[in-house]
Amino acid sequence: ALMVVAGNAVGHVTVYKDPLDRLGLAKPDCVALTHWLWDHTYGLPALDCPSIACTQTNLYLADMMRWDWSEEAMAERLRTGEDNEFCDREIRVAYPDRSLITIRQADIAFTDVLTLRLGGITCELRQMENPHTADGVMIYIPEEKVIFLGDADCEGHHHGREPLYKEKLDTLYRSMQRIDFHTCVQGHETPVTREALLAYW
């Protein structure tokens, strides 16, 4: 069983695991990260299974592991653009006590493509250029024609200029046109069909 993204905190992981217990479903044997941002990675220390990320994601996580969470340090990251107001605000909501923030790198790092075989189902982890982050990974299940896209089509709060967004979204659009899928699971939205997703883009 593969878990896609680690959530933003211990509580987020609990929200994910409780229904698995109620339904008698398998707990994750491993977790894959789609990109480095806090709301998809800060739950990693609460998981007791191996984790997978692309090498670039692990570099971002290593950098964040050095972050100080004092008011002064957070203000300085906003001033320099290392962090942004949206993430700063949401982290404060998720972590009223910022001393509880623990950041960990993934156990397994890959570049370009990594294929997992999960009992007759193949999961292809593919790095893909996108407008959200420089380390985006999508997860493709060819047997079921399903893609987990993470936040790949969202604006990049850390690097977002509108012309660059449109250019990178066009690259993502062309890449997705070449993939045989019928359902896309996005990071913060309900699943959509291929036709609806490409038409919206």
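The values are calculated or read from the model by the stated rules, or taken from the named source; none is laboratory data. Quick caveat, the model's predicted, so the values are computed rather than measured. Heads up, the Cβs are rebuilt from the backbone with ideal geometry, glycines too, and the neighbour counts pull from every protein chain shown. Just the protein is used for accessible areas: all its heavy atoms, side chains included, with ligands, DNA and RNA removed. Shrake-Rupley method; radii C 1.70, N 1.55, O 1.52, S 1.80 Å.
Summary of values
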item	result
Residue list for region 125-156, filter: free of Cβ contacts under 8 Å to residues at least 60 places away in the same chain and either surrounded by fewer than 16 Cβ atoms within 10 Å (Cβ to Cβ) or out of contact with any strand residue (DSSP E or B) (no Cβ under 9 Å at 6 or more places or on another chain) (or both)	129, 131, 142, 143, 144, 145, 155, 156
Enumeration of residues in region 1-34 that are part of a strand (DSSP E or B) and out of contact with any Asp or Glu (no Cβ under 9 Å at 6 or more places or on another chain)	4, 31, 32
Selection status of residue 79, outside any helix (DSSP H, G or I), farther than 20 Å from residue 151 by Cβ and basic (Lys, Arg)	no
Among (1) surrounded by 12 or more Cβ atoms within 10 Å (Cβ to Cβ); (2) acidic (Asp, Glu); (3) at pLDDT below 95, the one test that residue 48 misses	(1)
Subset of region 50-97 (residues that are within 18 Å of residue 33 (Cβ to Cβ) and of a type in the set (Val, Ile, Thr))	52, 55, 57, 91
Checklist (1) under 30 Å from residue 176 (Cβ atoms); (2) out of contact with any His (no Cβ under 7 Å at 6 or more places or on another chain) applied to residue 88, failing item	(1)
Condition check for residue 165: of a type in the set (Ser, Thr, Tyr), surrounded by 16 or more Cβ atoms within 10 Å (Cβ to Cβ) and assigned to a strand (DSSP E or B)	no
Conditions (1) open to solvent by 20 Å² or more (accessible area, probe 1.4 Å); (2) free of Cβ contacts under 8 Å to residues at least 24 places away in the same chain; (3) not charged (D, E, K, R); number of the one not met by residue 26	(2)
Answer residue from region 54-70, given it is touching a strand residue (DSSP E or B) at 6+ places or on another chain (Cβ under 6 Å) and surrounded by 15 or more Cβ atoms within 10 Å (Cβ to Cβ) and is nearest to residue 126 (Cα to Cα) among those	54
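Here's the yes/no breakdown for (1) within 12 Å of residue 35 (Cα to Cα); (2) part of a loop (DSSP other than H, G, I, E, B):
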residue	(1), (2)
99	no, no
103	no, yes
106	yes, yes
123	no, no
126	yes, no
133	yes, yes
138	yes, no
